[in-house]
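Rule-based calculations on the coordinates, nothing more; no lab input. Note that this is a predicted model, so its numbers are computed, not measured. No Cβ is skipped: glycine too gets one built from the backbone with ideal geometry, and neighbour counts run over all protein chains shown.
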Amino acid sequence: MIRLVTGGTGFIGRHLLRELARRDGQTFVLVRPGSRERLEALIDVLGAVDRLVPVDGDITQVALGLSDADQARLRGADIFHLAAVYDLEASEQDNQRANVDGTRHVVELAQRTGARLHHMSSIAVAGARWKAKFTEDMFDEGQVLDHPYYRTKFEAEKIVRASGVRFRVYRPGLVVGSSETGEADRIDGPYYAFKLIQRLRQAIPAWVPLVGFEGGQVNIVPVDFVARAMDAIAHREGLDGHTFHLTDPNARSLGDVTNEFCRAAHAPQFTLRVDSRAAAMLPGEAKSMLEHWKVAQLLKRRLLEGVRIPAEAIRFASSRTGFPCERAQSALEGTGVACPPLHSYAWKIWDYWERHMDPEVPTERNLRKALQDRIVVVTGASSGIGRATAQLVARHGAKVVLVSRTREKLDALRDEIAAEGGAAFVYPADLSDLDACDAVIKKILVEHERVDILVNNAGRSIRRSIEAEYDRFHDFQRTMQLNYFGAVKLMLAVLPGMRSRRRGHIVNISSIGVQAFPPRFGAYVASKSALAALSRCIAPEVADDGVAITNIHMPLVRTPMIAPTGIYKNFPTSSPEEAAEMVASAILTRQPEISTRLGKVGESVNTVAPGLLQFVMTGAYHLFPETAPRDGQKPAAAPPPEEEISVEAATMAYLMRGIHF
């Protein structure tokens, strides 16, 4: 038996090749030159060099770009047509080129060679507004096809049906990862809800019941079932001219499916679910107002963007269409192929997504996607957090602009980055001098034309009780000058360009002290609080222009800034590399705030019981000694000696890791 497969390197295609490799005969796999190496690697893994044969071609070309000799070999073959766009966010042009034009070329080849065509369609041909069962015998029922994906999948199937060739059509449900391993390669269908589930898990205990929507029927099928079912049906006699729904005969509601993945994620579940048809009870005027009210639409868009859900996915998920699969089940009878129940593999799907596909996990792929060729300005780049951050972003493809006072240190860092294949540019400047701030950021914008990400890391810290500050007003001035005014100068300079390009990110390195208010850090915490407050105020103003502002409340980090305080050698601290990973997380998530759990506890206690927090901090003030230097004292040539602290102080230091006293 001779076969040809299009889309063999795709998600479903790879699993189908695994099945076809077990059968007698030879299978030719259409592949573009850029994907040939990946296909050959798959064939090698399958140990099917003699049964799976790559053949150069492209569905966008007439006769798929196959030579006359290749076409001759395919006479009377079975063609499995899987190559298509499976993406609700793809453009009209991409959908048309792959789904319609590509199918037309495949059909013409089948007509020329007398081949049987196995066409991978989709339940999307029913559209998102059909409100009843859509059977395997139904096709052109006057359904509303108001999205490029639905429309082009319908047009592709229509071309096959009208072609006159022997055909079999397969319509899978929403295809998710393997029921055996959870492996998948794209975000689609139920995956759109995973980020929301993850956020709920992080914010709410698992035992808290939630209120949600019941929604319509969501027909989920694992990719390995789809491939096995297509393979089994394709090799049975007497089934030409029919359509087969590769769906779950026990499909469940959106609410049930969501709760299944909530259980897999150990997240709170939607115990009380409201039927979406309850919206019909709203007065028509109220519904019209919500649909057209700009503020409501804006908030809806922002919410969906925050959890990475395309608007069209919501409408498709709320569809009330059912897809019975009696013919497919009959064709599969005796093959041992059946759709497994969702509860048996939901945990594998969730686990694989969270470890490999979550776009906010700081993996090599995610960081490269977020940082490739981005202009990233890092202040305070000569040491500590700034140095580690600069190395990290450069390692993942960013063009990093290094700003700090000391040129020699910046030059050395630039050379290190270049030696590793990265790109770095040195701009020495004293950011406590506002004129210098203006000059350096203007120079950067002229020479690089834009700033994509600004990391405001440069800062100074002063650990000194208020009693020691009575005659040192300048401590407050100089701390505010660098930590607040210098950062604000840079923000004001880069925001106009970011907003006009509708893309940008400002990351402000704040402190856990802003959440816990440790004693002896009044000047420092006040300056960081000012920057955090400003950021929170202006973030809503720039959000709709595609600009994010993130405050990172850093714990105590082992940097040169804390070196003069010998007592910190008794404290558990984070490394600069760990701090840089928090910056990477901020870049990926674009959340308003990144905090440690201890910082959130301090914030919560201050809100619920501010007296308790003050009581704890008063105890800390008396437990830890004063280390403020006297006026005119010069820095020691060697690091300060380790200061002895009491057992009680050591205990508190470890219990409240990261909070400075």
Within region 338-446, DSSP-loop GluC sites (Glu not before Pro) with at most 13 other C-beta atoms within 10 Å are E420
Taking 0.36 nm per residue of separation between D50 and D415 and subtracting their Cα-Cα distance, the length gained on full extension comes to 126.4 nm
Per-residue Cβ contact counts at 10 Å, fewest first, order F80, F28 as F28, F80
Net charge (Lys, Arg +1; Asp, Glu -1) of residues whose beta-carbon lies under 12 Å from that of Q372, Q372 excluded, is +3
Contact order relative to length for region 2-357, counting C-alpha pairs under 8 Å separated by 6 or more residues, stands in percent at 19 percent
GluC sites (Glu not before Pro) in region 93-155 lying in a DSSP loop, each with at most 16 other Cβ atoms within 10 Å of its Cβ, come to E141
Which residues qualify? For I506, with a placed amide H closer than 5 Å and at least 5 residues away or on another chain, they are L454, A548, I549, T550
Residues of region 190-226 with backbone N under 12 Å of the label point set 7 Å from the Cα of S604 along Cα→Cβ are 202-206
In region 446-505, the GluC sites (Glu not before Pro) that sit in a DSSP loop and have at most 16 other Cβ atoms within 10 Å of their own Cβ are E449
Binned at 20 Å starting from 0, the alpha-carbon pair-distance distribution of region 2-357 in whole percents comes out as 28, 56, 15, 0
Diffing region 39-50: the Karplus 3J(HN,Hα) column from phi (6.51, -1.76, 1.60, θ = phi - 60°), in whole Hz with x for Gly and Pro, holds 5, 4, 5, 5, 4, 5, 4, 6, x, 10, 4, 8
Output row, site H242, 7 Å Cα→C-beta label point, backbone N cut-off 20 Å, window region 328-347, residues 328-339
Listed with the fewest Cβ neighbours within 10 Å leading, S121, S461 appear as S461, S121
Expressed in angstrom and rounded, the centroid-to-centroid distance over alpha carbons for region 124-173 and region 407-481 is 59 Å
Given pairs K133/K195; K489/K528; K195/K348; K153/K195 and cut-off 23 Å on Cα-Cα distance, the over-length ones are K133/K195; K153/K195
Using alpha-carbon coordinates alone, the radius of gyration and Dmax of region 13-152 in Å work out to 16.7, 49
Per-residue Cβ contact counts at 10 Å, fewest first, order H474, H396, H119 as H474, H396, H119
Long-range share for region 120-181, i.e. C-alpha pairs more than 17 Å apart as a percent of all pairs, stands at 43 percent
